[in-house]
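First comes the structure, then the notes that go with it.
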Amino acid sequence: MIDSEDYGLDNLPYGIISDASGRKRPAVAFADRVIDLDALVGANVLDEESLRGAETLNPFLARGPSAWSGVRGRLQQLLGAPAGADERSAVAAAGLARDAVTMHLPIAIGDYVDFYSSLEHATNLGKMFRPDGEPLMPNWRYIPIGYHGRASTIVASGSDVARPRGQLKPGDAPPTFAPSRALDFELELAFITGDGPVAGGRIEPEFARDATFGVALLNDWSARD
């Protein structure tokens, strides 16, 4: 259960909402409400046109860390101590009840990289795949193991997820096509990044914070059979 106290000036998570009109736009959660950022830009109290009429956060992500921190600082000012009657009125008009909006996947996700970063998880999985051998591959302790996942299957919380189907071969019997009987659930921490480097470039570790827009929880499902 999420309490309204979870969302204060130090925690303003972004999302994409729609109301009864069906129009999608950016918002942040604050206290027991959501704040319509499109409305704040339209009221001329928030200066960030990438949030105006946007159906995903991608245009805002492309603006980079200086824009992210600038909007965050301005929102903290508006929601904490608005300067005058016009700002107070704009913030009040932009506030919507949580149960009056629908949440949508906030980002058009172009790529998804899954890092194999937990020793315990890597060991347990290695025992499954190599029951008679060494669970950890020799390079696991020396480099971050990352591989591409299926970005097209990332959906918003609460979406229905179909159990995957595939070929199964129990023992010496012929293969069959059936639902997975060994579905693995992993709770992971997802890092949302802005635009990456040009092709062939890289982000040095000391600049990783500047490339990170925020974090989310990701429920990663895998068929292990």
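When peptides 185-192, 202-209 are sorted by average Cβ neighbour count within 10 Å, with the highest value leading, the order is 185-192, 202-209. Annotation: extensible slack from I109 through L96 equals 2.0 nm (criterion: 0.36 nm per residue apart, minus Cα-Cα distance). Heavy atoms of the protein chains alone define the surface here; on that basis the range 98-225 has 77 Å² accessible area per residue at 1.4 Å probe size.
Multiplying the sequence separation of T56 and D172 by 0.36 nm and subtracting their Cα-Cα distance, what value in nm do you get? Please list the in-between numbers first.
On the way: separation 116, 0.36 × 116 = 41.76 nm, distance 4.98 nm.
Value of the extension gain: 36.8 nm.
Summary of packing: across the peptides 105-111, 160-166, the per-residue average of other C-beta atoms within 10 Å ranks them, highest first, as 105-111, 160-166. Could you pull out every whole DSSP H run in the chain that spans at least 18 Å of Cα extent along its own axis and averages -0.5 or higher on the Kyte-Doolittle scale? Helices meeting the criterion: 65-80. Calculated mean residue ellipticity at 222 nm for the chain: -6000 deg cm²/dmol, from DSSP H runs with n ≥ 4 weighted as -39500 (n - 2.57), summed, divided by the residue count and rounded to 500. Counting 0.36 nm for each residue step from A31 to Y142 and taking away their Cα separation leaves a gain of 35.6 nm.
The values are calculated or read from the model by the stated rules, or taken from the named source; none is laboratory data. Since this is a predicted model, take the numbers as computed values, not measurements. All Cβ positions, even for glycine, are placed from backbone atoms using ideal geometry, and neighbour counts span all protein chains on display. In case anyone asks, the SASA skips ligands and DNA or RNA and just uses the protein heavy atoms, side chains included. Shrake-Rupley method; radii C 1.70, N 1.55, O 1.52, S 1.80 Å.
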